[in-house]
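The values are calculated or read from the model by the stated rules, or taken from the named source; none is laboratory data. No experiment lies behind these values; they were computed from the predicted model shown. Using ideal geometry, Cβ is built from the backbone for each residue, glycine included, and neighbour counts are taken over all protein chains shown.
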Amino acid sequence: MATGRTHRPATRSRGIPEATVARLPLYLRALTALSERSVPTVSSEELAAAAGVNSAKLRKDFSYLGSYGTRGVGYDVEYLVYQISRELGLTQDWPVVIVGIGNLGAALANYGGFASRGFRVAALIDADPALTGKAVAGIPVQHTDDLEKIIQDNGVSIGVIATPAGAAQQVCDRLVAAGVTSILNFAPTVLNVPDGVDVRKVDLSIELQILAFHEQRKAGEEAAAAAGRPAAAAAAVRKQSADQGPDGDVPAVMPA
């Protein structure tokens, strides 16, 4: 998924690279599935395949955690679950607020995975007075007028924005001013935040557009194959089409 943020250092605390941090939840998900099946140990190759990475990258990632496994045995599943959970900060309870209780916000509120992964939905907030007091997933919706008090009373440091794009920046500014330092943004817009605030952006339309690009490419290759043209010829046609301007002209290459 795309990520919007202010400039950040390349590494986190303890020298763990951001790319490794991004893969830790994948390892944790695979390890949790193994734990639920009472699997005691797992090899780097098996775990890497389950997480969708190569084993060399996995071993490098785990070296940052100080975990190297045992030759001929592999990694202890339960210990790795604890180790990664601790590194991700999931051994404590994180209260979260969701702002914007439309269809998406309500779906997020009903998501059962928060509690099992160390997060507690502390409050649901919306600007629509008609929603105030209405229970969603067993939690009464509160009005945005009380946002700052809700953040303070619940000790919230993580906010989820599921509002329309036009309201997202204002909501973000209020969350940050109230003390929220991490934001998960589902609104289709880029948020501007000060240093010290992390933003993760989830844009479903962008992900669908990327999938549409790949579907179009596959359709072009299938059409080329049906016409008896090799894949290389189809690629050349795609490149020529991409190089052409709106009027069909190919821009001249500028000298260096």
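Below are the figures for this structure:
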{"read-out": "Unmet criterion (only one of (1) without any contact (Cβ under 8 Å) to a residue 24 or more places away in the chain; (2) touching a strand residue (DSSP E or B) at 6+ places or on another chain (Cβ under 6 Å)) for Arg120", "value": "(1)"}
{"read-out": "Residues that are under 23 Å from Ala115 (Cβ atoms), modelled with pLDDT of 95 or more and in contact with a Ser or Thr (Cβ under 8 Å, 6 or more places away or on another chain), drawn from the stretch 141-168", "value": "Val141, Gln142, Ile158, Gly159"}
{"read-out": "Residues within the stretch 66-98 that are free of Cβ contacts under 8 Å to residues at least 24 places away in the same chain and either touching an Asp or Glu at 6+ places or on another chain (Cβ under 6 Å) or within 26 Å of Ala123 (Cα to Cα) (or both), tallied", "value": "1"}
{"read-out": "Qualifying strands (runs of 3 or more DSSP E) (wholly inside the stretch 139-207; at least 1 residues being surrounded by fewer than 20 Cβ atoms within 10 Å (Cβ to Cβ) and either among the charged types (D, E, K, R) or within 18 Å of the chain's Cα centre (by Cα) (or both))", "value": "158-161, 182-185, 198-201"}
{"read-out": "Residue count, the stretch 85-138 (criterion: in contact with a Leu (Cβ under 7 Å, 6 or more places away or on another chain), under 30 Å from Arg23 (Cβ atoms) and assigned to a loop (DSSP other than H, G, I, E, B))", "value": "2"}
{"read-out": "Test: residue in the stretch 55-76 that is acidic (Asp, Glu) and more than 18 Å from the chain's Cα centre (by Cα)", "value": "yes"}
{"read-out": "Residue check, Ser44 farther than 30 Å from Lys149 by Cα, in contact with a Leu (Cβ under 6 Å, 6 or more places away or on another chain) and of a type in the set (Gly, Ala, Ser)", "value": "yes"}
{"read-out": "Among the candidates Tyr68, Tyr82, residue that is farther than 30 Å from Asp203 by Cα, of a type outside the set (Asp, Glu) and not in a loop (DSSP other than H, G, I, E, B)", "value": "Tyr82"}
{"read-out": "Hey, Ala49 free of Cβ contacts under 8 Å to residues at least 40 places away in the same chain and surrounded by 13 or more Cβ atoms within 10 Å (Cβ to Cβ) or not", "value": "yes"}
{"read-out": "Scope the stretch 55-114; condition among the basic types (Lys, Arg) and within 22 Å of Leu26 (Cα to Cα); matching residues", "value": "Lys57, Arg59, Lys60, Arg86"}
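Matching residues to (1) at pLDDT 55 or above; (2) not hydrophobic (A, V, I, L, M, F, W, C):
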position: Val199; (1), (2): yes, no
position: Val202; (1), (2): yes, no
position: Ile206; (1), (2): yes, no
position: Glu215; (1), (2): yes, yes
position: Ala223; (1), (2): yes, no
position: Ala236; (1), (2): yes, no
position: Ser241; (1), (2): no, yes
